[in-house]
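Only the coordinates and a few stated rules stand behind these numbers; no lab work does. Keep in mind that what you see is a predicted model, and the values were worked out from it rather than measured. Backbone-built Cβ (ideal geometry, glycine too); neighbour counts: all protein chains shown.
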Amino acid sequence: MALGLAAINTYRNREWKQTLGYFANVNQGALTVATTNVSGVQVRIRKEGGDNLGSLHKHSITHAVQDVAAAGHALPDLDFYLCSSGNIPNVAMKTYTGATPKPVIFLGPNMWAKNAMQPGTNGVITGGIGQNGVRGVANQVYDGTQRWFGNPKQKSQGTTIVVHELGHILHEINNPGVFWEEQQAAEAMGGAPSPNGVGWQNQSVDVSNYAGNNALEFAAEVFAGTIVGKVYSAAVMNIYGNLGGP
């Protein structure tokens, strides 16, 4: 059974405390702030000085928001932090002010890391297994983008990473009881079975290696894949629906 409001708020409050922990690794004194409106969404981008990938970041964020909005999803205001610290992953924090979603998205230096596929592994898991960590839909998009001028492969990878994180945000906003119930299961000793997405592990191989991490990552990877034009089987989409995917 999906979690009730009291349990949901407990997890949301914990998320805010974790967000404060990430803030401790941000060079706050060196941040510049730019606010823009993208497809009706207020987007605030905070970046550290000396960020020579600023144009890539901006492109990825802008196009991700445009693509998600164009697919009919209503996004809240978004606050991005572009950080150089290796202690900060690419992560969307589902924070709130009262009942209003105020998500904070951290994008760390690993956003631009390349992760080539180990030859022959695409037959085992869609997109294959990586030579440098777990591969996701963003790596598949990188591979499938033609190499021309202007870093199109990096731009497409970065955009898909942001779309993945927006998927987490929308999942939590639209179905918080299911979202946090799945988080609870993922954190249980040894990983408790998913209470909503029975069989997601078997279907994850048809999505990506990263989709096999837990049911929430499965949902975010399917979301990202559908936004970038991938088509999944009815079995995959059925589990995605059971998980309350956006």
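General remarks:
- Ellipticity at 222 nm from helices only: DSSP H runs of n ≥ 4 in the chain, each -39500 (n - 2.57), divided by the residue count, give -13500 deg cm²/dmol.
- Projecting the Cα atoms of Thr62, Ile8, Gly136 onto the charge dipole of region 5-242, computed from C-beta unit charges around the Cα centre, puts Thr62 farthest toward the positive end.
- Cα pair distances of region 186-246 binned at 10 Å [whole percent]: 25, 60, 14, 1
- Of all beta bridges that DSSP places with both ends in the chain, some 60 percent have antiparallel geometry.
- Taking 0.36 nm per residue of separation and subtracting the current Cα-Cα distance, fully stretching the chain between Glu187 and Phe23 would add 56.7 nm.
- Global form of region 1-77, assessed from the alpha-carbon gyration tensor, a/c cut-off 1.5: oblate
- Subtracting the Cα-Cα distance of Ala70 and Val124 from their residue separation scaled by 0.36 nm leaves 16.1 nm.
- Counting only Cβ charges, +1 for Lys and Arg and -1 for Asp and Glu, the dipole size of region 5-242 around its Cα centre is about 520 debye.
- For region 33-94 and region 1-26, distance of Cα centres in Å: 21
- Site pair Val91 and Val134 shows an inter-label distance of 1.4 nm when each label is modelled 7 Å from Cα along Cα→Cβ.
- Between Ala2 and Thr32, the simple label model (points 7 Å from Cα in the Cβ direction) yields a spacing of 4.3 nm.
- Pairs from Lys17/Lys155; Lys47/Lys102; Lys17/Lys94; Lys94/Lys153; Lys102/Lys230; Lys155/Lys230 whose Cα-Cα separation, in the structure shown, is over 23 Å: Lys17/Lys155; Lys94/Lys153; Lys102/Lys230
- GNM flexibility winner over the chain from Ala138, Ala116, Ala70 (Cα, springs under 10 Å): Ala70
- GNM top mover of Leu216, Leu20, Leu107 - the chain, alpha-carbon springs below 10 Å: Leu20
- Cα gyration tensor, region 1-129 - rounded (a/c under 1.5), prolate or oblate: rounded
- Listed residues Gly108, Gly136, Gly167, most fluctuating in the chain (Gaussian network, C-alpha, under 10 Å): Gly108
- Across region 5-242, C-alpha contacts under 8 Å between residues 6 or more apart give a mean separation that, scaled by the residue count, equals a relative contact order of 16 percent.
- Screening the chain for DSSP H helices whose Cα atoms reach 20 Å or more along their own axis and whose mean Kyte hydropathy is at least -0.5 gives 54-70, 152-174.
- For region 93-246, alpha-carbon Rg relative to the globular expectation (2.2 N^0.38 Å, N residues): 1.05
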